[in-house]
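> Have a look at this one before I ask anything.
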């Protein structure tokens, strides 16, 4: 069931701390609410994405693209600088595989030297039951990023198990069980795309987990032998490797930088009285006797692009309009004629409040003289992070409209009642029948005769 032997050491302790912090973040974030709003919630049905106090709407998906671009550039930057830190220390595949393996070892009674010779059937069954329970918890919190976990728990209490969220919960739990319990690091070896293009990001100055060939070779078959290198060929570095590789054969695509081979080798070196670090974090350049260069073209380029993406995100936040206004013309009827002879155009205003406070906005128009705005509700209350659709009419005297077939340009604006200087405007056009002005003058001339 499990092949990698458990290991203890300084890196194992640091990774356990990192795993605890990352899992705590994953489990806590969906439950956190600030002033009634979730800290992170990708609310697809209501088309709202809550991200650390920022509410992103579908029209602003470029914010999510900037966040993803920044995370990708950060991955490139730290990979070029310090190797596969993501894979070994932060990837959910590595973190949860460690957790599932720790649960199995505890239930099955593993020791420091490895698994027991025989594992009772009840222990194996208990292992899978524990894995399924943990998978359910993980699946719940994964779905909690798309639907409030408070709503999920409430639906469970009322026996509502037929919703889409419940289906995603079951699917997520099944995927976690299949991946973390059964597939494990096989995903890293054969399926992970990052392992395929990491060689493009790394160079001889990147810090990686590497074996000091000059110091370790030739290997000694027995620890008591005085001739040969420091490596005693104990095989522990292979026994503790979750991807089952031999780090002594050089840098390999399957290495995820988990540092377990470092702890295993340091333990052996400590027992035989040799210096630590036969396997350690180092650059391939240092093994060749050259100085490691931290600042080099690829690191500088990735760093500059990362800073640019962060600054671009900050600038977009500062320039973000707190209100969105879209003006849509009535497509079924371009214009109407009222009882008093005036020409009317119907418009639909789609208003979106992007702030977390309720506001009231007054609707107005900037248009030539003898144009009149008619609105059913004005001023217009708009709830926090809410959408409001308002139907309005614009009436105009026939002789006030332009003779241009493209219509008369007008502008709709919304002005905050609480802050009169705060407004947003959108351009539109007012359409009238062709040559309406000429026809009106002809009718007036006939009446005069």
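The values are calculated or read from the model by the stated rules, or taken from the named source; none is laboratory data. What you are looking at is a predicted structure, and each value in this text was computed from that prediction instead of being measured. Here the Cβ is made from the backbone with ideal geometry for all residues, glycine too, and neighbour counts use every protein chain on show.
> Assess whether residue 147 counts as being part of a loop (DSSP other than H, G, I, E, B) and crowded, with 20+ Cβ neighbours inside 10 Å. Break it down into steps so the answer makes sense when it comes.
Details: part of a loop (DSSP other than H, G, I, E, B): yes; crowded, with 20+ Cβ neighbours inside 10 Å: yes.
Considered against the rule, which asks whether it is part of a loop (DSSP other than H, G, I, E, B) and crowded, with 20+ Cβ neighbours inside 10 Å, residue 147 comes out as yes.
> Now a separate question. Only one of (1) out of contact with any strand residue (DSSP E or B) (no Cβ under 6 Å at 6 or more places or on another chain); (2) closer than 30 Å to residue 235 by Cα; (3) touching a residue at least 40 places away in the same chain (Cβ under 8 Å); (4) surrounded by fewer than 19 Cβ atoms within 10 Å (Cβ to Cβ) is not met by residue 312, so which one is it?
The one condition residue 312 does not meet is (2).
> In the range 41-58, is there at least one residue being touching a strand residue (DSSP E or B) at 6+ places or on another chain (Cβ under 9 Å), in a helix (DSSP H, G or I) and under 14 Å from residue 385 (Cα atoms)?
Looking for residues that are touching a strand residue (DSSP E or B) at 6+ places or on another chain (Cβ under 9 Å), in a helix (DSSP H, G or I) and under 14 Å from residue 385 (Cα atoms), one finds at least one in the range 41-58, hence yes.
> So, one more: Condition first: at pLDDT below 85, closer than 30 Å to residue 57 by Cβ, surrounded by fewer than 18 Cβ atoms within 10 Å (Cβ to Cβ) and outside the structural domain of residue 51 (by TED's automatic domain parsing). Can you find one or more residues in the range 429-438 that meet it?
Checked against the condition, which is being at pLDDT below 85, closer than 30 Å to residue 57 by Cβ, surrounded by fewer than 18 Cβ atoms within 10 Å (Cβ to Cβ) and outside the structural domain of residue 51 (by TED's automatic domain parsing), the range 429-438 yields no hits at all.
> Could you count how many residues in the range 323-354 are in contact (Cβ under 8 Å) with a residue 40 or more places away in the chain and under 20 Å from residue 59 (Cβ atoms)? Don't jump to the end; show me each part of the working.
The first filter runs over the range 323-354 and keeps only residues in contact (Cβ under 8 Å) with a residue 40 or more places away in the chain, leaving 323-327, 329, 334-335, 338, 341-349, 351-352, 354.
Next cut, under 20 Å from residue 59 (Cβ atoms) only: 323-327, 329, 347-349, 351-352, 354.
So the count comes out to 12.
> Among the residues of the range 120-137, what is the count of those that are touching a residue at least 60 places away in the same chain (Cβ under 8 Å) and either outside any helix (DSSP H, G or I) or in contact with a helix residue (DSSP H, G or I) (Cβ under 7 Å, 6 or more places away or on another chain) (or both)?
Residues in the range 120-137 being touching a residue at least 60 places away in the same chain (Cβ under 8 Å) and either outside any helix (DSSP H, G or I) or in contact with a helix residue (DSSP H, G or I) (Cβ under 7 Å, 6 or more places away or on another chain) (or both): 1 in total.
> Of all the helices (runs of 4 or more DSSP H) wholly in the range 228-294, which have at least 3 residues that are more than 25 Å from residue 111 (Cβ to Cβ) and more than 32 Å from the chain's Cα centre (by Cα)? So that I can check it myself, show each step before the final result.
Values: elements: 236-239, 260-272, 284-287.
Ranges flagged: 284-287.
> Suppose we filter the range 381-411 for residues that are surrounded by 13 or more Cβ atoms within 10 Å (Cβ to Cβ) and either within 13 Å of residue 323 (Cα to Cα) or not assigned by TED's automatic domain parsing to the domain that holds residue 339 (or both); how many remain?
7
> Being surrounded by 15 or more Cβ atoms within 10 Å (Cβ to Cβ) and touching a residue at least 60 places away in the same chain (Cβ under 8 Å) narrows it down to one of 49, 77, so name that one.
Sole residue among the options that is surrounded by 15 or more Cβ atoms within 10 Å (Cβ to Cβ) and touching a residue at least 60 places away in the same chain (Cβ under 8 Å): 77.
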